[in-house]
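The values are calculated or read from the model by the stated rules, or taken from the named source; none is laboratory data. All figures in this text were calculated on a predicted structure; none of them were measured in a lab. Reconstructed Cβ throughout: ideal geometry from the backbone, glycine too, with neighbour counts over all protein chains shown.
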Ligand SMILES: [Zn+2]
């Protein structure tokens, strides 16, 4: 069996995974800094992840449709609905990773575990991406860790300044 990897699906999944890890970590750490009730932190995080996953899926659909319309003669064989669904699932699954520690640990510990888990997953996603595109898995892992880590750090710093 040969699985053909559609480029646009691949981009959707990578985009969804990375964005979910970065933004959910910011959301969950931000909320937990201001609220101590674990149930509220978890509920708010779940809401944020679901809303964001839907919004990203809608964005994926519209932006990919625009690209398809722009070059009609191009070789786009990807289905817009599948692309949007992949974005939704990638976002939802990766978004649960920074939330999960809050189900187990007290917020102070969960915050640290959450950031570490998100960074470790970014590294893993980068590694797998490198394997898939056959271009230095380790290099790809470090690159995604740095890019995602920087975005996460900026989010956390801004959040901390504004106390959101
Ligand atoms: Zn396409």
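Of 112, 67, which residue is surrounded by fewer than 19 Cβ atoms within 10 Å (Cβ to Cβ), more than 16 Å from the ligand (Cβ to nearest atom), free of Cβ contacts under 8 Å to residues at least 60 places away in the same chain and part of a helix (DSSP H, G or I)?
Values: 67 fails: more than 16 Å from the ligand (Cβ to nearest atom).
Just one listed residue meets the conditions, 112.
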Selection status of residue 19, within 13 Å of the ligand (Cβ to nearest atom) and surrounded by 13 or more Cβ atoms within 10 Å (Cβ to Cβ): no
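Select, from 62, 12, 55, 32, the only residue that is within 25 Å of residue 97 (Cα to Cα) and surrounded by fewer than 21 Cβ atoms within 10 Å (Cβ to Cβ). Quick ask: steps written out before the conclusion?
Values: 62 fails: within 25 Å of residue 97 (Cα to Cα); 12 fails: surrounded by fewer than 21 Cβ atoms within 10 Å (Cβ to Cβ); 32 fails: surrounded by fewer than 21 Cβ atoms within 10 Å (Cβ to Cβ).
Answer to the selection: 55.
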Every residue in the range 149-164 that is touching a residue at least 60 places away in the same chain (Cβ under 8 Å) and surrounded by 12 or more Cβ atoms within 10 Å (Cβ to Cβ), please. 151, 152, 155, 156, 159, 160, 164
Answer yes if at least one residue in the range 25-47 is touching a helix residue (DSSP H, G or I) at 6+ places or on another chain (Cβ under 8 Å) and within 16 Å of the ligand (Cβ to nearest atom), and no otherwise. no
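Please work out if residue 53 is away from the ligand (no atom under 16 Å from the Cβ), more than 14 Å from residue 15 (Cβ to Cβ) and in a helix (DSSP H, G or I). Talk me through it step by step, then tell me what you get.
Working: away from the ligand (no atom under 16 Å from the Cβ): yes; more than 14 Å from residue 15 (Cβ to Cβ): no; in a helix (DSSP H, G or I): yes.
Judged against the criteria, residue 53 is not a match.
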From the list 82, 146, which one is in contact (Cβ under 8 Å) with a residue 40 or more places away in the chain and part of a helix (DSSP H, G or I)? 82
If you scan the range 138-155, which residues turn out to be in contact with a helix residue (DSSP H, G or I) (Cβ under 6 Å, 6 or more places away or on another chain) and either more than 21 Å from residue 20 (Cα to Cα) or modelled with pLDDT under 85 (or both)? 155
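Consider the range 28-50. How many of its residues are in contact (Cβ under 8 Å) with a residue 60 or more places away in the chain and in a helix (DSSP H, G or I)?
Of the residues in the range 28-50, the ones in contact (Cβ under 8 Å) with a residue 60 or more places away in the chain are 28-30, 32-34, 36, 38, 41-42.
Then keep just the ones that are in a helix (DSSP H, G or I); that gives 28-30, 32-34, 38, 41-42.
Looking only at that region, the number is 9.
Output the residue which, of all residues in the range 85-108 that are in a loop (DSSP other than H, G, I, E, B) and either touching a residue at least 12 places away in the same chain (Cβ under 8 Å) or surrounded by 19 or more Cβ atoms within 10 Å (Cβ to Cβ) (or both), is farthest from the ligand (Cβ to nearest atom). I'd like the intermediate steps shown before the answer.
Here is the first cut: in the range 85-108, the residues in a loop (DSSP other than H, G, I, E, B) are 100, 105-106.
Now restrict to residues that are either touching a residue at least 12 places away in the same chain (Cβ under 8 Å) or surrounded by 19 or more Cβ atoms within 10 Å (Cβ to Cβ) (or both): 100, 106.
Details: 100: 32, 106: 45 Å.
Top of the filtered list is 106.
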Which condition number in (1) outside any helix (DSSP H, G or I); (2) buried (at least 16 other Cβ atoms within 10 Å of the Cβ); (3) away from the ligand (no atom under 16 Å from the Cβ) is the one that residue 134 fails? (2)
